[in-house]
1. Under 9 Å by Cβ, and 6 or more places apart or on different chains, what pairs join a residue from region 396-418 that is over 14 Å from Ile256 (Cα atoms) and open to solvent by less than 70 Å² (accessible area, probe 1.4 Å) with one that is of a type in the set (Ser, Thr, Tyr) and at pLDDT 90 or above?
2. Determine if region 194-203 includes at least one residue that is open to solvent by less than 20 Å² (accessible area, probe 1.4 Å), modelled with pLDDT of 95 or more, of a type outside the set (Phe, Trp, Tyr) and at positive phi.
3. Working carefully through the options Arg364, Arg381, Arg391, Arg399, find the one that is of a type in the set (Lys, Arg) and closer than 19 Å to Leu272 by Cβ.
4. May I ask you to list the residues in region 60-79 that are of a type in the set (Val, Ile, Thr) and either open to solvent by 40 Å² or more (accessible area, probe 1.4 Å) or over 26 Å from the mean Cα position of the chain (by Cα) (or both)?
5. Can we say Ser46 is crowded, with 18+ Cβ neighbours inside 10 Å and of a type in the set (Gly, Ala, Ser)?
6. Can you tell me which of Gly276, Gly249 is open to solvent by 10 Å² or more (accessible area, probe 1.4 Å) and without any contact (Cβ under 8 Å) to a residue 40 or more places away in the chain?
7. Would you check which residues across region 80-106 are open to solvent by 10 Å² or more (accessible area, probe 1.4 Å) and touching a Leu at 6+ places or on another chain (Cβ under 7 Å) and list them?
8. Here is a list of conditions, (1) over 16 Å from Ile296 (Cα atoms); (2) in contact with an Asp or Glu (Cβ under 7 Å, 6 or more places away or on another chain), and His382 meets all of them except one; can you say which number that is?
Amino acid sequence: MPVANEPRVETSPENSAALRRWLSIVGIGEDGIDGLTARARELIGSAEIVFGGRRHLALAAPLIRGAARAWPSPFDGAVEEVSAHRGRAVCVLASGDPFHYGVGAVLARRIAPDEMIVVPAPSAFSLAAARLGWSIPDTILLSLHGRPLDLIRSHLQPGARLLILTGDGESPAALARLLADSGFGRSQLTVLEALGGPRERVRSTSAAEYDFSNVDALNVVAIEVEAASGARVLPLVPGAPDSLFEHDGQISKREIRAVVLSALAPCRGELLWDIGSGSGSVAIEWMLADSSLRAIAIERRVDRVARIMRNATACGVPGLKIVTGAAPNALGDLPMPDAIFVGGGANDAGLLDAAARALCTGGRLVVNAVTLETETLLLSRHSILGGELRRLAISRSERLGDKTAWRPALPVTQWIWIKP
């Protein structure tokens with residue numbers, strides 16, 4: 001007899017099938033089946049279908065009794081192909097730890113954890129750290145497999161240690177050139193190839209003296225960062241020196257930029273629109289605050305668009321999206337932003353109204369004004385919508401004859417509004 005208030009759980013054949021752990025994901029290293037646990041061997045041997053890269057399938061071949069399926073090329077349809085066999089005994093082979101830049105994380109976007117059995121092996125990062133004696137919590141781990149090498153730039157801090165998973169045998173040389181060209185040529189660079197297998201090899205040199213040949217496509221690059229005087233080191237907080245950005249004078253100066261980023265208040269995963277982007281400095285520093293942050297720079301001048309692209313690459317955020325066009329017309333098809341900065345071109349109420357409409361609830365709008373005309377517009381918007389007004393005045397010391405005097409920059413009026 002049911003107990004009062006006892007939760008009732010309903011099941012159906014469909015739900016029962018979904019709860020069965022039909023998918024196993026097994027990590028395999030370069031040592032092949034010799035490095036597998038008994039459980040991992042059992043899952044491979046009992047699978048009706050085994051998916052994996054050709055290398056993985058070759059390593060596990062002595063255990064495979066079912067159908068062996070190499071990943072499709074391109075990989076985009078792989079998850080759907082695995083999901084199509086839901087309910088059958090399916091095994092997926094992965095490199096090392098399937099959830100450390102591996103296929104496991106991709107499959108988990110579509111397949112629930114209670115449908116999986118996962119048996120990881122040591123990741124390439126773990127093996128590299130073991131060879132070098134490095135503490136993983138004190139090391140920056142990056143995957144540049146299929147991603148721009150420029151993503152490393154924001155991590156090039158003096159004394160930092162990096163482990164980088166590359167995509168081919170040419171990437172270590174390209175990384176060495178990037179380091180040398182950016183003032184980090186004295187950095188120690190170690191290439192660890194085919195870790196854990198019979199072809200394992202470890203070689204070290206400085207970035208400036210790198211000359212390794214025949215590097216295995218399966219490699220991890222370890223970098224101990226050493227910066228020369230004048231190296232391009234990106235600050236860890238907003239307000240980077242203006243000299244780090246290529247510009248034609250259309251740039252939010254570093255002190256103002258730091259206040260702007262504080263007002264924009266980026267939170268994880270958010271999207272910024274930088275309208276009238278100029279050099280792209282605000283959008284770039286927004287993205288540098290956290291790897292999850294996204295930004296769109298909107299700029300009407302083609303020459304400045306090219307400059308923004310160069311700055312984004314040089315600052316390690318090649319993923320900055322750039323839209324060529326004038327606001328508000330250029331805003332129509334863009335995804336909804338969490339924050340908007342207008343640093344130039346706020347010459348009419350229509351642009352500010354369009355920006356306010358585009359924001360999500362709780363979104364932040366930050367507008368800077370230098371001219372009296374734009375300041376008047378901000379005062380009007382403030383009287384209607386509320387928000388916060390600030391007056392920012394910066395002075396810098398300069399030589400005046402044989403003396404030193406304060407040289408004031410143009411004052412900036414800033415309006416901050418949070419959408420209710």
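The values are calculated or read from the model by the stated rules, or taken from the named source; none is laboratory data. Note that the coordinates shown come from a computational prediction; the quantities given were computed from them, not determined experimentally. When we count neighbours, we look across all protein chains shown, and the Cβ atoms used for this are built from the backbone with ideal geometry, even at glycine. Remember, those area values only see protein heavy atoms, side chains included, never the ligands or the DNA or RNA. Shrake-Rupley method; radii C 1.70, N 1.55, O 1.52, S 1.80 Å.
1. Going by the 9 Å Cβ cut-off, the qualifying pairs are Ala405/Ser397.
2. Scanning region 194-203, I find at least one residue that is open to solvent by less than 20 Å² (accessible area, probe 1.4 Å), modelled with pLDDT of 95 or more, of a type outside the set (Phe, Trp, Tyr) and at positive phi, so the answer is yes.
3. Details: Arg381 fails: closer than 19 Å to Leu272 by Cβ; Arg391 fails: closer than 19 Å to Leu272 by Cβ; Arg399 fails: closer than 19 Å to Leu272 by Cβ.
Of the residues listed, the single one that is of a type in the set (Lys, Arg) and closer than 19 Å to Leu272 by Cβ is Arg364.
4. Step one: list which residues in region 60-79 are of a type in the set (Val, Ile, Thr), which gives 64, 79.
Of everything in region 60-79, just one residue is of a type in the set (Val, Ile, Thr) and either open to solvent by 40 Å² or more (accessible area, probe 1.4 Å) or over 26 Å from the mean Cα position of the chain (by Cα) (or both), namely Ile64.
5. On the way: crowded, with 18+ Cβ neighbours inside 10 Å: no; of a type in the set (Gly, Ala, Ser): yes.
Judged against the criteria, Ser46 is not a match.
6. On the way: Gly276 fails: without any contact (Cβ under 8 Å) to a residue 40 or more places away in the chain.
The unique qualifying residue is Gly249.
7. Matches in region 80-106: Tyr101 only.
8. (2)
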